[in-house]
Amino acid sequence: QVRLVESGGQLVQPGGSLRLSCAVSESILSIGTMGWYRQVPGKQRELVARISSGRLTYYVDSVKGRFTISRDNDKNTVYLQMTNLSPEDTAVYYCNAPFSPKPWGQGTQVTVSS
């Protein structure tokens with residue numbers, strides 16, 4: 001069973017930056033497209049970014065130009081670099097495979113507040 005372990009979330013001030021990491025217990029090259037999601041209480045989990053095996057990327061409009069998704073196939077790790085953070089980015093962030101979903105990890109909390 002694939003395990004997804006997210007890390008890197010913390011409290012950050014508006015305008016700040018964070019890099020999230022997602023360690024995957026199996027080959028992400030074989031899994032294919034990986035993505036980052038976020039969820040706030042009372043709302044559905046939403047996909048904010050995804051990256052294919054060929055490193056084609058997609059971003060939801062609200063994070064375009066501020067977030068960058070990347071992957072290291074050798075380390076089986078997916079990253080989300082987040083810049084110019086705003087309070088609206090506060091959420092629990094998860095990674096998963098959009099087209100072949102795995103059991104969800106515990107997520108990592110990102111809180112943007114002054």
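Each Cα pair under 8 Å and six or more residues apart adds its separation to the average, and for the chain the resulting relative contact order is 38 percent. Applying the criteria of a DSSP loop state and at most 14 other Cβ atoms within 10 Å to the GluC sites (Glu not before Pro) of the stretch 1-51 yields Glu26. Along the Cα-to-Cβ line of Gln1, 7 Å from the Cα, sits a label point; which residues in the stretch 9-51 have backbone N less than 17 Å from it? Residues 24-26 fall inside that zone.
Report the far tail of the P(r) of the chain, meaning the percent of Cα-Cα pairs longer than 16 Å. Pairs farther apart than 16 Å: 54 percent. Heavy-atom surface analysis with a 1.4 Å probe gives the chain a carbon and sulfur content of 48 percent of its accessible area.
Considering all alpha-carbon pairs of the stretch 8-69, what whole percent are spaced by more than 19 angstrom? If you can, show how the numbers build up before the last one.
Values: 756 of 1891 pairs.
Summing the P(r) of the stretch 8-69 above 19 Å gives 40 percent of all pairs.
Placing pseudo-labels 7 Å out from each Cα toward the beta carbon at Lys75 and Ser52 gives an inter-label distance of 2.5 nm. One chain, two ends: Leu11 and Thr90. Fully extended at 0.36 nm per residue, the span grows by 27.5 nm beyond their Cα-Cα distance. Summed over the residues of the chain and divided among them, the accessible surface reaches 52 Å² per residue at a probe radius of 1.4 Å. Only Lys, Arg, Asp and Glu carry charge here, each on its Cβ (+1 for the first two, -1 for the last two); on that basis the chain has a dipole of about 100 debye about its Cα centre.
Using helices alone, what [θ] at 222 nm do you get for the chain, with -39,500 (n - 2.57) per DSSP H run of 4 or more residues, divided over all residues and rounded to the nearest 500?
Computed ellipticity for the chain at 222 nm equals -500 deg cm²/dmol.
The values are calculated or read from the model by the stated rules, or taken from the named source; none is laboratory data. The structure presented is a predicted model; accordingly, all values stated were derived computationally and were not measured. Note: ideal-geometry Cβ built from the backbone for every residue, glycine included; neighbour counts use all protein chains shown. Side chains are part of the model used for accessible areas, which takes the heavy atoms of the whole protein and leaves out ligands, DNA and RNA. Shrake-Rupley method; radii C 1.70, N 1.55, O 1.52, S 1.80 Å.
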